[in-house]
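The values are calculated or read from the model by the stated rules, or taken from the named source; none is laboratory data. Since we're looking at a predicted model, the values are computed, not measured. Cβ: placed from backbone, ideal geometry, glycine included. Neighbour counts: every protein chain shown. Side chains included, ligands, DNA and RNA excluded: accessible areas come from the protein's heavy atoms. Shrake-Rupley method; radii C 1.70, N 1.55, O 1.52, S 1.80 Å.
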Amino acid sequence: MLIQFRKLTTSDQPLQFHQTVDVSRAVKGRKEIIAVTPLEVDLKATPSITGSVDVRGRLQGQLEIKCSRCLKSVTEQLDIPFHEVFQPVENPDDVQDGDEDITYVKGESVDLAQYVEEALVLYLPLAPVCSEDCKGLCPSCGKDLNQDSCDCDTEVIDPRLAGLKDFFK
């Protein structure tokens, strides 16, 4: 998915991308992710008068991830909005008062694959749950509290007052 700036600015039509991108490399090493399908990328690149390129669209796929509370597998449909603005410059490090919303790139082209992977990683939930009322696992015995309760003592005692615990017995 390569955007060539000079070719795009001389064209009278926006550049369309309808591709499948394998993003498994972007989530490699993340233990909570069981599987991710390749993303269906539907993007439209439009040049502007200032020489920048506005890329908008959607990324769609499927993600299988572990619930952060009970460790059950959860399948989630991904529908990620994508928006990036690219501005070609001689040296991106020399841009001082640049706009935060613009990505300054060196050269005559930019590959969108790394930005698609970045959008996926930023979209991933920090603590995915199978349901909002998931009770999780017992911290003592490890029993799934969604299926049954356990007989573990779950009373939390302030460690500074632990010595007084047996005072009234």
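Residues are listed down the side, and each one gets a yes or a no for (1) modelled with pLDDT under 85; (2) among the charged types (D, E, K, R); (3) in contact with a Ser or Thr (Cβ under 6 Å, 6 or more places away or on another chain):
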residue	(1), (2), (3)
Met1	yes, no, no
Gln4	yes, no, yes
Thr9	yes, no, no
His18	no, no, no
Ala35	no, no, no
Leu39	no, no, no
Ser48	yes, no, no
Gly51	yes, no, no
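Has the stretch 87-95 got at least one residue that is under 18 Å from the mean Cα position of the chain (by Cα) and crowded, with 17+ Cβ neighbours inside 10 Å?
There is no residue in the stretch 87-95 that is under 18 Å from the mean Cα position of the chain (by Cα) and crowded, with 17+ Cβ neighbours inside 10 Å.
Quick one: what pairs do we get from the stretch 122-138, first residue closer than 12 Å to Arg69 by Cβ, second open to solvent by 100 Å² or more (accessible area, probe 1.4 Å) and hydrophobic (A, V, I, L, M, F, W, C), C-beta under 9 Å, 6+ apart or different chains?
Sorted first by the residue in the stretch 122-138, then by its partner, the pairs are Gly136/Leu71; Leu137/Leu71.
Would you mind finding the one in Glu100, Glu64, Glu84 that is open to solvent by 80 Å² or more (accessible area, probe 1.4 Å) and charged (D, E, K, R)? It would help to see each step written out before you state the result.
Numbers: Glu64 fails: open to solvent by 80 Å² or more (accessible area, probe 1.4 Å); Glu84 fails: open to solvent by 80 Å² or more (accessible area, probe 1.4 Å).
Glu100 is the lone residue from the list that is open to solvent by 80 Å² or more (accessible area, probe 1.4 Å) and charged (D, E, K, R).
Here are Leu126, Leu71, Leu120, Leu161: which of them is part of a helix (DSSP H, G or I) and open to solvent by 80 Å² or more (accessible area, probe 1.4 Å)?
The match here is Leu161.
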